[in-house]
Amino acid sequence: MSATGDAGTTAPDRPMVAARGLVRTYGGGPAAVHALRGVDLTLPRGELVAVHGPSGVGKTTLLNLVGGLDRPDEGRVVVDGTDLSALREKRLLELRRERIGFVFQTFGLVPVLSAAENVGVPLRLRRVPWREREERVARLLDRIGLGDHAAQRPGELSGGQQQRVAVARALAAGPALLIADEPTSQLDAETRATVVGLLRAAVDDEGTTALVTTHDEELLDRADRVYALRDGVLARP
């Protein structure tokens, strides 16, 4: 096998993610912010792993490194046998598109597309046939309680509704790895339970590996593993 591995081949005993010695610092001198100070993290396949900690301690930085949206100053991230540091930007983009689903705190929805069209974007990129794509989008929107809002654009939806659309979009193509930054932060209790159930079902029924940051006690309770991130160091509480 090459140094970058083969993202299309699955080894059941190989972790989905193996991150070692991650260091990420922003700025320099006395004003430098040490977001991560030698973080190690292993994500077994088919598990929901949650990371919690105060705001500003580096949780989003960790997600960005694991998802290949940023590169560490030191250390390495291996996703499904592929060392991200060995990839050029084009190959990294392909890996993210084909294997990873993202839920951002800022939603990242396309303003000119409807809720249904936003959810369907990953399926279009993978050239999923029209009928299959439409059926999966409709099913996901129904599960998050937005079936009646399929034609509405993000600007016509509340923050909580946009959050749900973002979660559905991330899960639409059945990613091997789901990375979610506070996926339930803007939801009421009932809707939060629905989204947590959706994440749990993606892990249990579809074999997705999920890494989430959260302050949500219900999501923490239903995670397979929970880590605390403080002062740039990751630990089991």
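The values are calculated or read from the model by the stated rules, or taken from the named source; none is laboratory data. Note that this is a predicted model, so its numbers are computed, not measured. Cβ placement follows ideal geometry from the backbone for every residue including glycine, while neighbour counts extend to all protein chains displayed. For accessibility, only protein heavy atoms count, side chains too; no ligands or nucleic acids. Shrake-Rupley method; radii C 1.70, N 1.55, O 1.52, S 1.80 Å.
A few comments on the model shown:
- With every protein chain in place, the chain: carbon and sulfur % of accessible area (1.4 Å): 48 percent
- Near residue 47, the amide H atoms lying under 5 Å from its own belong to 210; only residues 5 or more places off or on other chains count, and H is placed 1.01 Å from N.
- Helix 159-171 and the longest principal axis of the C-alpha atoms of the chain enclose an angle of approximately 80°.
- Couplings 3J(HN,Hα) for segment 94-102, derived from phi with the Karplus relation 6.51 cos²θ - 1.76 cosθ + 1.60 (θ = phi - 60°), are 4, 4, 4, 5, 8, 10, 10, x, 10 Hz, where x marks Gly and Pro.
- Charge sum, other residues only, whose C-beta stays under 12 Å from residue 126's C-beta, Lys/Arg counted +1 and Asp/Glu -1: +3
- The angle separating the long axis of helix 115-125 from the principal Cα axis of greatest extent in the chain is about 60 degrees.
- Whole-Hz Karplus values for segment 23-30 come out as 10, 9, 10, 10, x, x, x, x Hz, taken residue by residue from phi with 6.51 cos²θ - 1.76 cosθ + 1.60 and θ = phi - 60°; glycine and proline positions read x.
- Kirkwood analysis of the Cα pair distances in the chain returns a hydrodynamic radius of 18.2 Å.
- Sorted largest first by accessible area at a 1.4 angstrom probe radius, with every protein chain in place, the residues 188, 83 fall in the order 188, 83.
- Average projection, convex hull of the Cα set of segment 141-204: 4.3 square nanometres.
- Structural descriptor for segment 1-132: relative contact order 27 percent, calculated from alpha carbon pairs under 8 angstrom and at least 6 residues apart.
- Rounded if a/c under 1.5, otherwise prolate or oblate - segment 87-208, Cα gyration tensor axes: rounded
- Taking a ≥ b ≥ c as the square roots of the eigenvalues of the Cα gyration tensor, an a/c ratio of 1.5 or more together with a/b no larger than b/c marks segment 170-237 as oblate.
- Computed with a 1.4 Å probe over protein heavy atoms only, the accessible surface of the chain comes to 47 Å² per residue.
- Distance between segment 183-237 and segment 105-174 - C-alpha centres, whole angstrom: 20 Å
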